[in-house]
Amino acid sequence: MTQSVFAYAVPLWRFPGEGRGLVGKVDEAGRNAAFLAFRDWAPAFAREAIWRRVPVTVFILLAVLLLAGCGGAPRGVTFHPDENPANLSEWGLFTRTAGRLAPHDGMVTYELNTPLFSDYAQKWRTIWMPKGVHATYDPEKWFDFPVGTIVTKTFYYSTPVDAAAPQTSGEVLRVTPATYQTGVSGLGLSHVRLIETRLLVKRASGWVALPYVWNADGSDATLERTGADVPLTLVDGAHRDAFSYTVPNQNQCAGCHAQDFRTRAINPIGLKARHLDRTFAGEGGEINQLRRLVALGYLTGVPGQVPPGNAKWQDEKAGTIGQARAYLDINCSHCHNRVGAARTSGLWLDAKTVDPRMLGMCKPPVAAGRGAGDRPFDVVPGQPDRSILTYRLASTDPGEMMPELGRDLAHGEGLALITRYIATMKGACDAVDGSKRVTAR
């Protein structure tokens with residue numbers, strides 16, 4: 001928390017033989033640079049003849065204004081090694097000015113090949129590191145980031161153009177090419193409702209997740225450790241869907257970000273080579289993001305030849321299989337991998353897995369319960385309507401749906417892609433006398 005600049009009333013005192021000046025007690029951290037500058041500058045200025053012609057009250061006012069101006073949000077990114085500030089502004093990440101939310105120096109905007117679905121919310125992602133440190137490349141897992149790294153993800157929606165107050169608009173829109181913003185120079189807020197900004201902060205003890213919810217005028221966001229529910233209506237032409245956007249609590253953040261059951265440590269999901277290996281606008285122009293991070297000194301160890309990244313899930317040139325595998329990887333594999341929370345299901349949906357059985361083909365459910373929808377196998381080749389995978393993606397029942405967190409709506413376009421993916425598969429599944437033994441052919 002930012003402390004008060006003065007600990008007691010400002011007294012007057014006299015430079016020896018030189019007029020009057022000011023002294024005040026600053027906060028214990030000694031962070032009030034304006035006060036220190038004034039203290040050092042005042043004696044020299046006092047020697048000038050003008051000092052004797054200007055009432056001392058003018059200098060009192062000047063000092064108070066200088067000091068008060070520094071009592072608000074920091075003007076640059078501020079890493080808090082132990083504290084969890086109540087307000088997002090105390091991290092010094094953004095400035096809101098002229099209808100734009102702008103990042104501070106050193107914050108790098110990035111985009112993923114395929115993003116995780118979050119009730120059609122748009123996302124602005126940034127990463128910041130202290131000077132002189134860098135992350136280390138890994139070909140498969142999340143990169144190894146240094147202490148002091150701050151990752152931000154701001155969730156927002158476009159609002160109807162006739163919304164009188166976008167930040168409190170209950171109606172929100174799906175993203176379109178016309179409303180998409182790269183975020184490289186910040187977000188234009190003229191038709192935007194900010195919902196939340198999630199921080200992943202790398203401290204000496206590891207990563208910590210902090211969800212901040214934006215206030216009604218969009219001037220700041222407050223830490224909501226217990227999460228929040230935001231009632232909204234998604235408008236798509238004449239179609240309207242009422243839903244509750246859920247801000248996860250801190251414990252729920254670990255439900256996705258703890259990707260290895262052996263450590264249960266929180267780590268970034270999207271900051272992996274296969275998700276970042278793409279061209280994107282930013283410093284240096286439209287270039288590969290991995291190369292940009294190297295050029296900025298944020299990443300080391302990147303080989304000359306990087307394995308191909310995941311496909312973009314809407315890129316038809318990638319083919320249905322490439323699109324679907326990328327979609328399942330980002331949306332499901334943080335749990336559904338060999339060391340993830342859903343490892344015992346036997347369904348592994350990460351990009352590395354190639355075994356058809358582990359990808360769900362002809363694999364009976366382990367403990368899906370009613371989440372199986374009376375369907376026999378996770379994936380039945382050529383029959384999406386008999387596959388558990390499509391059933392769970394289509395469901396909005398908390399006891400059945402997958403992913404379990406992060407959505408209240410079904411992702412129609414994603415479901416259509418996975419339906420198409422399963423429909424193109426060849427083979428059949430045979431159960432023997434109702435047992436679990438199956439064969440694929």
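Structure summary
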{"item": "Restricting the stretch 330-373 to residues that are open to solvent by 30 Å² or more (accessible area, probe 1.4 Å) and among the β-branched types (Val, Ile, Thr), the residue that is farthest from Thr419 (Cα to Cα)", "result": "Thr344"}
{"item": "Strands (runs of 3 or more DSSP E) (entirely within the stretch 158-228) containing at least 1 residues that are more than 22 Å from Gly270 (Cβ to Cβ) and at pLDDT below 95", "result": "none"}
{"item": "Pairs, first touching a residue at least 24 places away in the same chain (Cβ under 8 Å) and farther than 24 Å from Ile330 by Cβ in the stretch 96-113, second open to solvent by 40 Å² or more (accessible area, probe 1.4 Å) and part of a strand (DSSP E or B), C-beta under 6 Å, six or more apart", "result": "Ala102/Thr95"}
{"item": "Any chance Thr396 is surrounded by fewer than 19 Cβ atoms within 10 Å (Cβ to Cβ), in contact with a Phe, Trp or Tyr (Cβ under 9 Å, 6 or more places away or on another chain) and of a type in the set (S, T, N, Q)", "result": "yes"}
{"item": "Options Gly319, Gly282: the member that is in a loop (DSSP other than H, G, I, E, B), modelled with pLDDT of 95 or more, open to solvent by 20 Å² or more (accessible area, probe 1.4 Å) and on the phi > 0 side of the Ramachandran plot", "result": "Gly282"}
{"item": "Residue pairs meeting the criteria (Cβ under 8 Å; at least 6 apart or on separate chains; first touching a residue at least 60 places away in the same chain (Cβ under 8 Å), in the stretch 176-191; second among the aromatic types (Phe, Trp, Tyr) and crowded, with 16+ Cβ neighbours inside 10 Å)", "result": "Thr182/Phe280; Gly183/Trp124; Gly186/Phe94; Leu187/Trp124; Leu187/Tyr156"}
{"item": "Complete set of residues in the stretch 280-312 that are under 19 Å from the mean Cα position of the chain (by Cα) and either over 23 Å from Asp350 (Cβ atoms) or among the aromatic types (Phe, Trp, Tyr) (or both)", "result": "Phe280, Ala281, Gly282, Tyr298"}
{"item": "Those residues of the stretch 199-219 which are under 18 Å from Val172 (Cβ atoms) and either among the aliphatic types (A, V, I, L, M) or open to solvent by 10 Å² or more (accessible area, probe 1.4 Å) (or both), in sequence order", "result": "Val213, Trp214, Asn215, Ala216, Asp217"}
{"item": "Candidates Thr233, Thr263, filtered to the one that is over 30 Å from Arg338 (Cα atoms) and either open to solvent by 40 Å² or more (accessible area, probe 1.4 Å) or part of a strand (DSSP E or B) (or both)", "result": "Thr233"}
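The values are calculated or read from the model by the stated rules, or taken from the named source; none is laboratory data. Note that the structure is predicted; figures quoted are calculated from it, not measured. Neighbour counts run over all protein chains shown; Cβ positions are idealised from the backbone, glycine included. Ligands, DNA and RNA are stripped out before the accessible areas are found, and what is left, the full protein with its side chains, is counted by its heavy atoms. Shrake-Rupley method; radii C 1.70, N 1.55, O 1.52, S 1.80 Å.
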